[in-house]
Amino acid sequence: MAVDPPCAEALDGPDRVAAQAPNRPFRSVAVVLPDGGGAFGLGVVCEVFGFDRGPRGLPSFDFAICTLQPGAVRLNTGMTLLVDHGLDRLATADLVHILSWEDFDVPAPPNLLDAVRAAYDRGAIVASHCTGAFVLASAGLLDGKRATTHWRWAAEIARRFPAVKMDPDVLYVDEGQVVTSAGTAAGVDLCLYLLRREYGAAVAAAVARDMVVPPHRDGGQAQYVAMPIPPDTADDQLADVLSWALAHLDQPLTVDTMAAHALTSPRSFARHFKATTGTTPHAWLLAQRLHRAEELLETSEIPVEEIARIVGFGSAAALREQFVRRRGVSPRDYRRVFRQFALADE
């Protein structure tokens, strides 16, 4: 299912869901752990895809950690892990996930590149975390495509692989069959995004609740690197406004009404909102309304007309217009695609 990333393009590029439901969302996941690979990234994919949540009605996966040669693999924290599977395991995976490649001076070996290309050629989703993008670029799978990696190494990958359209300011980029993410914690965003893309927002939200993380972050790396959020009372006040707005999505919220709740001028509020969140109040509100509409479509039998009122679009026609523009399908088609994976919020 080709989907444009919500946080890669904010509200400029649609966050689409393909009009046709996937006949077979990915079920088999192979994680490639190179020597010196990232322990944090490994832990993330193990938590999301390796932990069996099937008894709770959530998707379960045939999960395997793979390496260049089965045996002992050193992690970047100095720990050693015994890995049973080699690259042959990639031949049956629906999702191949490349973890960080720590040493740029060591080229990715031909057998790894061949295995990754073969997985891609037979239709597997190929994803990278952090500098795992180096492997995908070496395999030629990023040529002519947008991609991201850790902001510190984006320029180096762009220099070595000029055919790659590297974007260092986003958390992840979805090019359909190839998905790349930024560094460290962006691996959480990537994994939850893939769940959301293939199984719907309710499944991703349920896993996020287990992990005690937000199911989706708006914005990109720049907001976390160049402009970290200062722990001052203004941001506490903004958090209060955001909570208030989420509880009143059915009302006609504007910059003026949000600024009034924050006891500041609309201009100052909009400037502070952008500096703190990396997006505009209008874009943030639209995203929250669409996310809430998704949850209700998946987890309830509430009519589309009523959902439109609850989330603040006012009419089914307005909801449909935004849904088709941003998700690529109508609300009713979205419900039909993902209803089978929906879970009631426990």
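The values are calculated or read from the model by the stated rules, or taken from the named source; none is laboratory data. Since the model is a prediction, treat every value here as computed from it, not as a measurement. Neighbour counts run over all protein chains shown; Cβ positions are idealised from the backbone, glycine included.
Evaluate region 117-130: report whether one residue or more is buried (at least 20 other Cβ atoms within 10 Å of the Cβ), β-branched (Val, Ile, Thr), in contact (Cβ under 8 Å) with a residue 12 or more places away in the chain and in contact with a helix residue (DSSP H, G or I) (Cβ under 6 Å, 6 or more places away or on another chain).
As a first pass, look at region 117-130 and keep what is buried (at least 20 other Cβ atoms within 10 Å of the Cβ): 119, 124-130.
Keeping just the survivors that are β-branched (Val, Ile, Thr) gives 125-126.
Checking which are in contact (Cβ under 8 Å) with a residue 12 or more places away in the chain leaves us with 125-126.
Filter again for in contact with a helix residue (DSSP H, G or I) (Cβ under 6 Å, 6 or more places away or on another chain), leaving 126.
Yes: region 117-130 contains one or more residues that are buried (at least 20 other Cβ atoms within 10 Å of the Cβ), β-branched (Val, Ile, Thr), in contact (Cβ under 8 Å) with a residue 12 or more places away in the chain and in contact with a helix residue (DSSP H, G or I) (Cβ under 6 Å, 6 or more places away or on another chain).
Which one of these does residue 332 not meet: (1) at pLDDT 85 or above; (2) in a helix (DSSP H, G or I); (3) within 26 Å of residue 244 (Cα to Cα)?
(3)
Pairs under 6 Å by beta carbon, first residue closer than 13 Å to residue 210 by Cα in region 36-50, partner at pLDDT below 95 and of a type outside the set (A, V, I, L, M, F, W, C), six or more apart or different chains?
44/187
Pick out the one residue from 306, 301 that is of a type outside the set (A, V, I, L, M, F, W, C), farther than 30 Å from residue 184 by Cβ, at pLDDT below 90 and surrounded by fewer than 13 Cβ atoms within 10 Å (Cβ to Cβ).
Values: 306 fails: at pLDDT below 90.
So the residue among 306, 301 that is of a type outside the set (A, V, I, L, M, F, W, C), farther than 30 Å from residue 184 by Cβ, at pLDDT below 90 and surrounded by fewer than 13 Cβ atoms within 10 Å (Cβ to Cβ) is 301.
Six or more apart or on different chains, Cβ atoms under 9 Å: show the pairs whose first residue is in region 143-161 and closer than 18 Å to residue 179 by Cβ and modelled with pLDDT under 90 and whose second is part of a loop (DSSP other than H, G, I, E, B) and not charged (D, E, K, R).
Filtered contacts from region 143-161: 151/168; 151/182; 151/183; 151/226.
Just checking, does region 260-274 include any residue being in contact with a Gly (Cβ under 9 Å, 6 or more places away or on another chain) and within 22 Å of residue 170 (Cβ to Cβ)?
At the first step, the residues of region 260-274 found to be in contact with a Gly (Cβ under 9 Å, 6 or more places away or on another chain) are none.
No, the conditions are met nowhere in region 260-274.
Determine, yes or no, whether residue 255 is more than 30 Å from residue 52 (Cα to Cα), at pLDDT 80 or above, touching a Pro at 6+ places or on another chain (Cβ under 9 Å) and β-branched (Val, Ile, Thr). So that I can check it myself, show each step before the final result.
Values: more than 30 Å from residue 52 (Cα to Cα): yes; at pLDDT 80 or above: yes; touching a Pro at 6+ places or on another chain (Cβ under 9 Å): yes; β-branched (Val, Ile, Thr): yes.
Judged against the criteria, residue 255 is a match.
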